Every structure is written in C-alpha cells, then in structure tokens.
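See structure below.
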Amino acid sequence: MATSVNSSTSSLSALSAKTGMAGLVSGLDTDSLVESLTSASRARITKSQQKIQTMEWKQAAYRNVSKTLKEFQSKYLDVLSTTNFRSTSLYNTINASSASTKISVSSTSAAMAGNITIDKITQLATNQTVTGLNSASKPLNGSAIADTAGLLTGISEGVSKSFLLKMDGQVRTITLDDAFKTLAGGTPEGFEAALQTKIDDAFGKKSTGESLINVSMAGGKLGLSASGSQLTVNALNGDNATLDYLKLTNGQTDRLTTTAALETLPLAAALDGSDVYNVKINSVDFSFSKSDSLVSIMNRINSSAAGVTMNYSSITDKFTLTSKTSGMGDNIVVDDTSGNLMESLGLFGAGSVTADGLNAELTVNNQAIVRTSNSIEVDGVKIELLETSDEAITISSKTDSTSLKDTIKSFVTDYNNMIEMMNKLAKENADSDYPPLTDDQKADMSEKEIENWELKAKVGLLQNDSILKGIASKMQSMIYGSAVSGGISLYDMGITSAGYSENGKLKIDEAKLTTALETKGSAIQELFTTEKTGIAQQLNEIINAAVKTTGAKGSRGSLIEMAGYESTLSDTENSITDSVTKTNKSITALKTKLKTEETYYWGKFSALETALQQLNSQSSILAQFSSGA
C-alpha cells in the first residue's frame, strides 16, 4: 500500500522564520513545536503544489491527445497529403501506362479500364514569342578611329603596351611589344592582323581553325566580337592610355548587366532619355523609372497578370517575351505608351520579330483533335505530349486497387489507435494512494522509484473526462451512422464495428473491401468526399472542433481551449495555464501567511525562554542568600 503524501511534510519543513533562542533554557524542541503548530498552513501549501503538478500532468496528457489527432488529420485529411481522404483523386484505382517515350500519362478518378490509341501526333503546341531582331547591346567598338600610329610610336625594344581582355570570365593580358610593332607595319590592315594574332595566341582558336575572338578595323575603328560570348576590356594596372589610343574605355563590354540601371545601359537602340517609361502588355500597365534595373523590370513583368515571361540571354544578346499561354492566337500585345523602352529592347516595333504559337494536332481513336496545350485529357486519362509521332501509341488503363486498399487499411488502423487512446484515458481509474511526490519524499527515493510512482500517479488523470468522451462519441456516431451516398455505407465496404468490448474500434473484411474497390469505386469516393456529409469531411470537422489552434481565445478547439498547444498563442492562453497561474498566486499568499505564523510562534517561545532565564537567575540569587545566612 502506498504511503499518502499528506502523511509527511514537504520541503517547507525548513523553517523560514527562526528567531530567538531554541530551547536553551527550557529544553523544548522549538523547531518541532513551531512546525507542528503551523502544520495546517504547510498542508495547504503542499496540497496546492500537488494540485499544480496534477494540472501540469493533465495538460501534457491533453496535448498528447491533440498531437495524435493533428497527426491523423495531417496524414489523412490535409489537402497537401498524398493520402487525403477528402480528395477525389485518392480513390482513383485506374493505372494508366504507355511504353512510348513521346508521351507521359496519368489517370484521374474519371478514368475507366480500357485502351486509348493515339494514331498520330502531327504537331505540338508552342507558345507565342516576341524577340529582338538585332543584338540589344552596343558592339565592343572604338568610339573613333584608333590612334594606331601614336600607340606604335610608344612601343620599342623593352617598352610595350598592354590591356586586359576578358571572354566569359576568362581573362588574358594582351601585350603589344616590339614584335607586334614590326608585324603591324604601320597600316590599319597590318595592325588588325597583328592584333588578331596576339589575341589568337592568348585565347586559342576553334577546332575549325577559326578565331574565337574576331578583330576588325572597319573605317579605322577597332572592333572586337565573339559569337555567343561576352567580351570586356580593362586597363592593366591603371594604364588607361593604351585603351585611349584604341578609343576604348575601361570596363567596356558588349553585353548588358541586368543589375544596372536603365539609364546606364549601353543599348544599341538608345533610350529617348525619359525619366519614366510606361508600357502596356496584354492590357496590363507598367511604369518604370530610368533608375530601375533590368532584373527588377523583368521580375515585375514576370510576376504580373500580363501572362508573359521576359528574359535576356547573354548568349544571343537579345530579349524575349514568351506567352504563358500556348496555342495559336494573339497572346502577346505590347505597346510603349510613353517613352521607347520596349522598342529599345527589341520587343516592340520594327526591331522585333513575332513567332506565333501553334496548336497541338493529333489523332486519337481515329478522331482528329486540336488543342491549344500539350496537356490534354481523354476519357479521364491525362496525356502530356512530348514529341511528334507518325507511329501509333497505345495507352493501357487497368484497375489496380492495391494502393487504395492499403491506404484504407492504414486509415482504419490509425483511427482505431486514436479512438483507443481517448477511451483508455477516459476509462482508466485513478489511484488516490499515489498523489504527486513532494521534494522531501523524492529526496528519500531512487530515480527508478520516483519514475514508478509517477507512472501510477498519472493513471486516471482524465478519468470520465467530458471533452475526450465527447470527441470519441462524435467520431463513433458519425462512423457508424455514416452518410449513405451512392447506395453504400462502410458496411458495404467490409468495414464494421470490432465489437462492444473494443470500445468503438473498427475491423475490416479484406475480401469484401477488395470487391467493393473494384466494383463500387465512384460510390466509395462519394461516401468519403461528398461535401458536408462525406465521412472524411465530417471527421475533419470533428477534429478541427477539438484541435483548431488558430483564431482568438474562445474560438479554438475544445482541447486547445482546455490545455493549449506548443508553439502557438494557446500555449499560455488556456484554462489549465490560467488555473496554474491562479494557484501559484495562492501559494505565494499562503507562504507569506506561514512566515507570519512562524514569526509569531518563535516570538512566543523566545519570550518563554527569556522568562525562564530570568526566573532561574532569581532562584539562583535567593539560593545564594539562603546559603549566606
């Protein structure tokens, strides 16, 4: 038989108001006497502390139930779950497949067993595009006729001129030395050939023997170009003079920097100098500042309702607008309502090229079909067209209920565990012989003894709990009286009560379930998913009513209002936490009262000791007088 906690004192036995003499004259055990005289107050404090411990254990038990319900809801009733019983797609027992790599297929809940033949895929759907006709950037050319004579004059034996040339991040130093001067020969043609040789030596050539970077001196102006690559020139060690001779500038490049502001971009078709550029794309208006960067402009357009994607390719040095809608039709309409931004970028006017979108054209079961998208649906089978095909492609749809059957079995198992947990907590009996331990009691026990005691103390904390009984009752009533939709119930699926002794748990007749899945698929889908009356819909509402954590206090689930839930506002906004806070305040008041009582009794006993000491002194004096006589 367990020993009652109330039979001994708690750590409060360490008196908090010791003052005066402790039985030095009287020989009384003052500590024990004061403790005994204040035992009623101590008992009230201990009882309140035990009450708090019990409430905290109850809170943990409630939260564990909430966690179990939430996990069930997340697994079987959440829209993001692949096993969401509220989704019609879960009940699709048709598996569509094809051996062809020119299409991909998947079945929907509307699919039926059988074959579909795609006789021919004549054409794939494409998206309309608008692309710049010419390069968007200025070429890497000198601003004027290069001063080749001046440059060569400064070159002599031991004295050279150099600059840095970068191609797609690969940097080389181009050194113009005495050998270069000799090769140049003092003519523009010779200078071009000599510089071409230097650059070929620095970067190499293509496998065809052609130069990677081409040098030109058209009209005496230096030009550098590389197909599909970005070129940038920089001064070496601050030597801008060499670039000045070539009429180039430090950092000059033949591609756009998308993070740079519009007004700084070296566009081939210059902007008109406006402060603000207004654009309209597919009836959506945009306003851009000259200080806006290209990347911010593209992001705004791409995330808008204009239905297009804008990008810039550093390979082609061109901008492209691509419609997000495939198929034929005028899906991209662009206009510069003020300024010339889109025209300057090659996306409007004579400098742009439009490629119209195409429709998908195919023949299915000898029937010609035209669609605006490559994603089509035929008899409940989703088909993604990947390539054209002159050969017939067969799509086979077969019934396979194995996956759904396993999911339903898992659903029933987890449902049973959930019901069993709540019923067990509500029905187990508490043992009053095992209240929470005090600190003094724990000090005299081993960790294992404490653990075993507390396991028994936690039993029956939620005995006959109305919240748990209410949740379990609603679930069981809903399951047993499930909506009969499409002419079936859970019974027709082979799912029935496991018996009175199993307290609301379910059992499955697997053979009957398999037959139902193969013959009554659409009816099963309706039984679970019908709005308001479907089993999954109702079960989700019951769980929400218990564990909803959102909303203001008073509008949350019943379990949450009672015990709260971690990492939400309800963690501290709940009935149990309120009770714990109130009880802690009561304990503080009781401790203050206890200290006052202890002080009072210690004062009385100290006065007794003082009186006895005086009496003893007087007796001693009288004895001395008697002895002297």
From the option list T325, T337, single residue qualifying as farther than 22 Å from L271 by Cα and either more than 35 Å from the chain's Cα centre (by Cα) or open to solvent by 40 Å² or more (accessible area, probe 1.4 Å) (or both) is T325
Give the residues of the stretch 443-470 that are surrounded by 16 or more Cβ atoms within 10 Å (Cβ to Cβ), farther than 18 Å from G504 by Cβ and of a type in the set (K, R), sorted by residue number.
-> K458
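Considering the stretch 227-241 alone, what residues qualify as being under 14 Å from V171 (Cβ atoms) and not polar (S, T, N, Q)? Explain how you work it out, then say what you get.
At the first step, the residues of the stretch 227-241 found to be under 14 Å from V171 (Cβ atoms) are 229-237.
Passing the criteria: L231, V233, A235, L236.
One line per residue, one yes/no per condition, for (1) of a type in the set (S, T, Y); (2) in contact with a strand residue (DSSP E or B) (Cβ under 8 Å, 6 or more places away or on another chain); (3) open to solvent by less than 30 Å² (accessible area, probe 1.4 Å):
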position	(1), (2), (3)
S293	yes, yes, yes
S296	yes, no, no
K318	no, yes, no
L321	no, yes, yes
Take S352 and decide whether it is under 27 Å from I535 (Cβ atoms), open to solvent by 10 Å² or more (accessible area, probe 1.4 Å) and out of contact with any Pro (no Cβ under 7 Å at 6 or more places or on another chain).
-> no
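One line per residue, one yes/no per condition, for (1) of a type in the set (V, I, T); (2) over 13 Å from S344 (Cα atoms); (3) open to solvent by less than 60 Å² (accessible area, probe 1.4 Å); (4) touching a residue at least 24 places away in the same chain (Cβ under 8 Å):
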site: A260; (1), (2), (3), (4): no, yes, yes, yes
site: D272; (1), (2), (3), (4): no, no, no, yes
site: A305; (1), (2), (3), (4): no, yes, no, no
site: T309; (1), (2), (3), (4): yes, yes, yes, no
Candidate set: the stretch 560-570, residues that are touching a Lys or Arg at 6+ places or on another chain (Cβ under 8 Å) and not acidic (D, E); chosen: the one most open to solvent (accessible area, probe 1.4 Å) | L569
Single condition S482 does not satisfy, out of (1) assigned to a helix (DSSP H, G or I); (2) surrounded by 19 or more Cβ atoms within 10 Å (Cβ to Cβ) | (1)
Restrict the check to the stretch 192-209 and report whether at least one residue is without any contact (Cβ under 8 Å) to a residue 12 or more places away in the chain, among the polar types (S, T, N, Q) and either within 23 Å of D244 (Cβ to Cβ) or in contact with a Lys or Arg (Cβ under 6 Å, 6 or more places away or on another chain) (or both).
-> no
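Listed here are the residues, each with its yes/no results for (1) within 30 Å of M478 (Cα to Cα); (2) of a type outside the set (G, A, S); (3) part of a helix (DSSP H, G or I); (4) in contact (Cβ under 8 Å) with a residue 40 or more places away in the chain.
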{"residue": "N540", "(1), (2), (3), (4)": "yes, yes, yes, yes"}
{"residue": "S570", "(1), (2), (3), (4)": "yes, no, yes, no"}
{"residue": "S586", "(1), (2), (3), (4)": "no, no, yes, yes"}
{"residue": "E597", "(1), (2), (3), (4)": "no, yes, yes, yes"}
{"residue": "Q618", "(1), (2), (3), (4)": "no, yes, yes, no"}
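Looking at T182, T208 in this structure, which one is open to solvent by 60 Å² or more (accessible area, probe 1.4 Å), among the β-branched types (V, I, T) and over 58 Å from the mean Cα position of the chain (by Cα)?
T182
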Report those strands (runs of 3 or more DSSP E) wholly inside the stretch 333-425 carrying at least 2 residues which are closer than 30 Å to M493 by Cβ and either in contact with a Phe, Trp or Tyr (Cβ under 7 Å, 6 or more places away or on another chain) or not β-branched (V, I, T) (or both).
-> 393-399
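Condition first: open to solvent by 70 Å² or more (accessible area, probe 1.4 Å) and without any contact (Cβ under 8 Å) to a residue 60 or more places away in the chain. Now tell me which residues in the stretch 114-157 satisfy that. Step through it out loud before you land on a result.
Within the stretch 114-157, the subset open to solvent by 70 Å² or more (accessible area, probe 1.4 Å) is 115, 120, 122, 133-134, 138-139, 143, 145, 153, 157.
Hits for the stretch 114-157 are T153, E157.
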Candidate set from the stretch 56-83 (those that are in contact (Cβ under 8 Å) with a residue 60 or more places away in the chain and outside any helix (DSSP H, G or I)); member that is most open to solvent (accessible area, probe 1.4 Å) | T83
Failed criterion for S477 (all others in (1) open to solvent by less than 30 Å² (accessible area, probe 1.4 Å); (2) modelled with pLDDT under 95; (3) assigned to a helix (DSSP H, G or I) hold) | (1)
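Looking at I524, I535, I542 in this structure, which one is under 37 Å from the mean Cα position of the chain (by Cα), among the aliphatic types (A, V, I, L, M), within 30 Å of T577 (Cβ to Cβ) and open to solvent by less than 70 Å² (accessible area, probe 1.4 Å)?
On the way: I524 fails: within 30 Å of T577 (Cβ to Cβ); I535 fails: within 30 Å of T577 (Cβ to Cβ).
Unique residue meeting the criteria: I542.
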Pick from A511, A552: which is open to solvent by 60 Å² or more (accessible area, probe 1.4 Å), aliphatic (A, V, I, L, M) and assigned to a loop (DSSP other than H, G, I, E, B)?
-> A552
All-but-one check, L165 against (1) open to solvent by less than 70 Å² (accessible area, probe 1.4 Å); (2) at pLDDT below 95; (3) touching a strand residue (DSSP E or B) at 6+ places or on another chain (Cβ under 8 Å); (4) not small (G, A, S), failing number (2)
What are the pairs, 6+ residues apart or on separate chains, where a residue within the stretch 546-562 that is at pLDDT 95 or above has its Cβ under 6 Å from a residue that is open to solvent by 70 Å² or more (accessible area, probe 1.4 Å)?
-> R556/K548; G557/K548
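For the subset of the stretch 100-113 comprising residues that are open to solvent by less than 40 Å² (accessible area, probe 1.4 Å) and under 34 Å from the mean Cα position of the chain (by Cα), which member is farthest from A226 (Cα to Cα)? First the steps, then the outcome.
We begin by selecting, within the stretch 100-113, every residue open to solvent by less than 40 Å² (accessible area, probe 1.4 Å); these are 100, 103, 105, 107-108, 111.
Narrowing the set further to residues that are under 34 Å from the mean Cα position of the chain (by Cα) leaves 103, 105, 107-108, 111.
Details: I103: 39, V105: 44, S107: 50, T108: 51, A111: 55 Å.
In this case the residue turns out to be A111.
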I281 vs. criteria touching a Phe, Trp or Tyr at 6+ places or on another chain (Cβ under 9 Å), β-branched (V, I, T) and surrounded by 14 or more Cβ atoms within 10 Å (Cβ to Cβ) | no
Could you figure out which of (1) buried (at least 17 other Cβ atoms within 10 Å of the Cβ); (2) farther than 24 Å from Y62 by Cβ; (3) not aliphatic (A, V, I, L, M) isn't true of P436?
-> (2)
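The values are calculated or read from the model by the stated rules, or taken from the named source; none is laboratory data. All values reported here derive from a predicted model rather than from experimental measurement. We place every Cβ from the backbone using ideal geometry, glycine too, and count neighbours over all the protein chains shown. Surface areas here come from the heavy atoms of the whole protein model, side chains and all, with no ligands, DNA or RNA. Shrake-Rupley method; radii C 1.70, N 1.55, O 1.52, S 1.80 Å.
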